[in-house]
1. Please work out if residue 31 is part of a loop (DSSP other than H, G, I, E, B) and without any contact (Cβ under 8 Å) to a residue 12 or more places away in the chain.
2. Within segment 49-93, which residues are in a helix (DSSP H, G or I) and surrounded by 16 or more Cβ atoms within 10 Å (Cβ to Cβ)?
3. Can you find a residue in segment 27-34 that is of a type in the set (Lys, Arg) and over 20 Å from residue 83 (Cβ atoms)?
4. Can you name the number of the only condition in (1) crowded, with 19+ Cβ neighbours inside 10 Å; (2) modelled with pLDDT under 90 that residue 4 fails?
5. Can you pull out every residue in segment 1-28 that is in contact with a Leu (Cβ under 6 Å, 6 or more places away or on another chain) and in contact (Cβ under 8 Å) with a residue 60 or more places away in the chain?
6. I'm told residue 63 meets every condition in (1) within 30 Å of residue 181 (Cβ to Cβ); (2) among the polar types (S, T, N, Q); (3) out of contact with any Ser or Thr (no Cβ under 8 Å at 6 or more places or on another chain) except one. Can you identify the failing condition by its number?
7. In segment 29-62, how many are under 34 Å from the mean Cα position of the chain (by Cα) and basic (Lys, Arg)?
Amino acid sequence: MRIKIGKANDNDYVVNNPYVSRHHAQLSREPGGCLLLEDLDSANGTFVNEIQIMKKRITPTDTVRLGGAFILNISEVLKSRNDYSNEFAALKVIYDTYIEQKIKIQSSNQFKTRLFQSLPFALPGVIGVVFGFMGKGSSTLLGISLFVAVCAPTMGIYLGAKQSAKIPRQLQDLANQFKIDYVCPKCGTFLGELPWESLANKKQCPSCKAKWVIDE
Ligand SMILES: [Zn+2]
């Protein structure tokens, strides 16, 4: 977490005060949980309990002054947290898994569909082999053979269609879960099927402006 404070609009916490610099200070949380306040070479300085600092660990009860007179409300600043880079990074796994699953469903179904479509066509051939073994074909066997020859393709089309109809259902379930998981970590807006990398290039949420990627 890092919150930039200053007069410029690109700060996370914008302060409108003539003695506050454009990029005045930043507040971050250290891995141990402590709050660290840093002055960003401001013109009029940053003060903690009336002592000028460049970098200091603070608690929300400390009095922080920017420049001549602006008292910074630490709990308000903490509410303006806008760095969602860690949460956003976790979405990459969700996207990759979704694509992987989708391809898996599609290709396994494609294989089964083809199998079901072509399998019944093999039947007339099998019947022919049976005839061969039996020597002379009787009219009953000829009848069966003709029946199978007509039915097999129909059967293939039916089974193939039935199998391919399973795809939408499975894909729908997958897409529904994806819509729940692949959302902006701050405002919850579904991020569409855009690849994670394309979103990362945007660096922030178009809806809520949460920062996804922090430029160092
Ligand atoms: Zn958002």
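The values are calculated or read from the model by the stated rules, or taken from the named source; none is laboratory data. Computed from a predicted model, the values in this text were never measured in an experiment. Because the Cβ atoms are built from the backbone with ideal geometry, glycine has one as well, and the counts that use them run over all protein chains shown.
1. yes
2. Passing the criteria: 74, 77, 85, 88, 91.
3. no
4. Exception for residue 4: condition (2).
5. Passing the criteria: only 3.
6. (1)
7. 1
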